[in-house]
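Visitor: Have a look at this one before I ask anything.
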């Protein structure tokens, strides 16, 4: 390593022929990455089995940030919910939309009194029940895909639109 | 050429020094949250006397009529309506919980225009137990202060409902 020629190669390899330009590129890259994560998309690592089989425990997914230009949320969208100050997030599926009547009977989802198909659910529950509620104008009902878990161990409830931080595209 | 550079340097040092040393209300309130973290936390091997003594200092940070409304998902709701009730709960927790660490994450403090009341939004991370057996709990909090005789004291803490009705 004391060979001046190898130092020259290493230096050239690390900082390039023009160190000033290399530094500028690094600064631009850092700004671009920070801006991307802050305003465009952010990585989320799933923790737990509530979204199996769609998302596995410890799987990392990219969530696209919601903003005023984002398209409206649809039933079946995977979303990231701000549960506690962006420190604890929930990764769930939107089932009920604003203004709809939502109910859960023996694990099946009823929207405005009619059952909806859920192809993403492979582990069905028999005892998940929720009385019918009318979702407010900015309120969504969310739930995980793994219905084999007990409902008590699962977040399956309502959330306001401003708590939905991002959308996961699958 | 040298004078403008010197003037800029002096300006930068002055501005930097101001921001580093200023003691505004928001900084005071953030420090209070840090004190609560210290007083409210204890380790497994720590004796009852030091942990209770440290927790007793929490009293000075709260108004006598302080109110607490803590809703923890799956653990129900607890409402406290004065400082003595709060201190009772603190004593019980200190005696009954083996180890606990409190952290107020990302506090955003707002001091209102009259500088008599202030509010903070923060996420409380409570770690119960130590090492592999520890459990973490996250709740989003609203902390409210009132200024009396020049001193800030907490008059209310409330958990913010983020999901569900």
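Visitor: Would you check which residues across the stretch A:67-97 are assigned to a loop (DSSP other than H, G, I, E, B), in contact (Cβ under 8 Å) with a residue 24 or more places away in the chain and within 14 Å of chain B (Cβ to nearest Cβ) and list them?
Guide: Within the stretch A:67-97, A:86 is the sole residue that qualifies.
Visitor: Would you check if there is a residue in the stretch A:118-130 being within 14 Å of chain B (Cβ to nearest Cβ) and under 19 Å from residue B:162 (Cα atoms)?
Guide: No: zero hits.
Visitor: Further, regarding this structure: Restricting attention to the stretch B:141-165, and to residues there that are at pLDDT below 95 and within 18 Å of residue B:107 (Cα to Cα), which single residue is nearest to the other protein chains (Cβ to nearest Cβ)?
Guide: B:162
Visitor: Can you name every residue in the stretch A:36-64 that is closer than 28 Å to residue A:150 by Cα and in contact (Cβ under 8 Å) with a residue 24 or more places away in the chain?
Guide: Listed by number, the residues that qualify are A:44, A:46, A:49, A:50, A:51, A:52, A:53, A:54, A:55, A:61, A:62, A:63.
Visitor: Working only within the stretch A:92-101, note down all residues that are touching a strand residue (DSSP E or B) at 6+ places or on another chain (Cβ under 7 Å) and farther than 25 Å from residue A:44 by Cβ.
Guide: Once the filter is applied, which keeps residues that are touching a strand residue (DSSP E or B) at 6+ places or on another chain (Cβ under 7 Å) and farther than 25 Å from residue A:44 by Cβ, the stretch A:92-101 yields A:100, A:101.
Visitor: Same structure, new question: Taking residue B:32 as meeting all but one of (1) under 23 Å from residue A:86 (Cα atoms); (2) modelled with pLDDT of 95 or more; (3) touching a strand residue (DSSP E or B) at 6+ places or on another chain (Cβ under 6 Å), write down the number of the exception.
Guide: For residue B:32, the exception is condition (3).
Visitor: In addition: If you check residue A:136 against the conditions, is it within 11 Å of chain B (Cβ to nearest Cβ), modelled with pLDDT of 90 or more and part of a loop (DSSP other than H, G, I, E, B)?
Guide: Working: within 11 Å of chain B (Cβ to nearest Cβ): yes; modelled with pLDDT of 90 or more: yes; part of a loop (DSSP other than H, G, I, E, B): yes.
Answer is yes for this residue.
Visitor: Given (1) assigned to a strand (DSSP E or B); (2) more than 22 Å from residue A:141 (Cβ to Cβ); (3) in contact with a helix residue (DSSP H, G or I) (Cβ under 9 Å, 6 or more places away or on another chain), where does residue A:64 come up short, assuming only one miss?
Guide: Failed condition: (2).
Visitor: Moving on to the next point. Do any residues in the stretch A:8-35 that are under 28 Å from residue A:65 (Cα atoms) have Cβ atoms under 9 Å from those of residues that are at pLDDT below 85, where the two are at least six apart or on different chains, and which pairs are they?
Guide: A:25/A:16
Visitor: While we're looking at this one, here's another question. So is residue B:86 more than 14 Å from the chain's Cα centre (by Cα) and not in a helix (DSSP H, G or I) or not? Please lay out each step first, then the result.
Guide: Details: more than 14 Å from the chain's Cα centre (by Cα): yes; not in a helix (DSSP H, G or I): no.
Considered against the rule, which asks whether it is more than 14 Å from the chain's Cα centre (by Cα) and not in a helix (DSSP H, G or I), residue B:86 comes out as no.
The values are calculated or read from the model by the stated rules, or taken from the named source; none is laboratory data. Keep in mind the model is a prediction, meaning the values are calculated, not measured. No Cβ is skipped: glycine too gets one built from the backbone with ideal geometry, and neighbour counts run over all protein chains shown.
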